[in-house]
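The values are calculated or read from the model by the stated rules, or taken from the named source; none is laboratory data. This structure is a prediction, so every number in the text was calculated from the model and none was measured. Positions of Cβ are backbone-derived with ideal geometry, glycine not excepted, and every protein chain shown enters the neighbour counts. For accessibility, only protein heavy atoms count, side chains too; no ligands or nucleic acids. Shrake-Rupley method; radii C 1.70, N 1.55, O 1.52, S 1.80 Å.
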Amino acid sequence: ATYEGQWTAGAMTGNGRAAYDDGSVYEGAVVAGKPEGIGKMTYPDGYVYEGTWKAGIREGQGKATYADGSVYEGLFVAGERQGKGVLTMPDGFRYEGDFVAGEIEGQGIATYPNGDVYEGAFVKGKREGQGVMRYKTGQEVTGIWTQGVVTAPAPAPAPAEGAAPAAEAPAPAEGTGN
């Protein structure tokens with residue numbers, strides 16, 4: 001590995017450029033020899049991360065560009081996509097919403113290459129839970145999704161606070177008739 005930049009008390013600390021034996025190159029803030037603060041790491045496989053680092057780990061706001069051309073912009077925790085973010089893929093797929101442990105999970109909006117848009121819940125990258133699909137054709141399907149497929153209609157919305165209860169047919173009076 002080679003390093004060009006600031007040193008403090010014999011340690012790489014400050015701003016600099018490090019080229020590693022595996023072909024990775026880091027440019028940015030360094031503390032005690034590890035990326036810390038704002039910096040950019042370019043890996044030999046084409047992956048590039050530009051954003052916040054903590055003790056050599058992607059942590060905080062950042063932008064990751066993958067070898068296939070996909071781009072993620074958002075939060076990172078312990079080196080993984082976590083929290084709010086936007087993922088855009090070269091085929092036109094775009095997701096904006098929650099990520100957990102690197103995966104699309106939680107509430108979000110997915111726009112598919114064919115123009116369809118799904119808004120709702122996701123689990124491990126699949127439509128899962130309540131959501132609505134708005135097809136490019138204008139058709140809309142609202143319901144409960146399981147493994148990416150709508151399996152039940154959406155539950156009826158709860159009555160608004162203070163709304164009158166739904167009218168019921170009156171019960172027959174007792175003692176009348178025969």
Discussion item. For a quick check of your reading of the model, give me the residue pairs whose first member lies in region 138-156 and is farther than 20 Å from Gly115 by Cα and aliphatic (A, V, I, L, M), whose second is at pLDDT below 90 and assigned to a strand (DSSP E or B), with beta-carbon atoms closer than 8 Å and at least 6 apart or on different chains.
Written reply: Ile144/Ala152; Ile144/Pro153
Worksheet item: Taking region 1-22, which residues are within 24 Å of Tyr66 (Cα to Cα) and either out of contact with any strand residue (DSSP E or B) (no Cβ under 9 Å at 6 or more places or on another chain) or among the polar types (S, T, N, Q) (or both)?
Response: Asp21, Asp22
Worksheet, complete the sentence: All-but-one check, Ala164 against (1) at pLDDT below 95; (2) not in a loop (DSSP other than H, G, I, E, B), failing number (2)
Discussion item. I need the full set of residues from region 1-33 which are closer than 15 Å to Lys54 by Cβ, assigned to a strand (DSSP E or B) and open to solvent by less than 30 Å² (accessible area, probe 1.4 Å), in order please.
Written reply: Tyr26, Gly28, Ala29, Val30
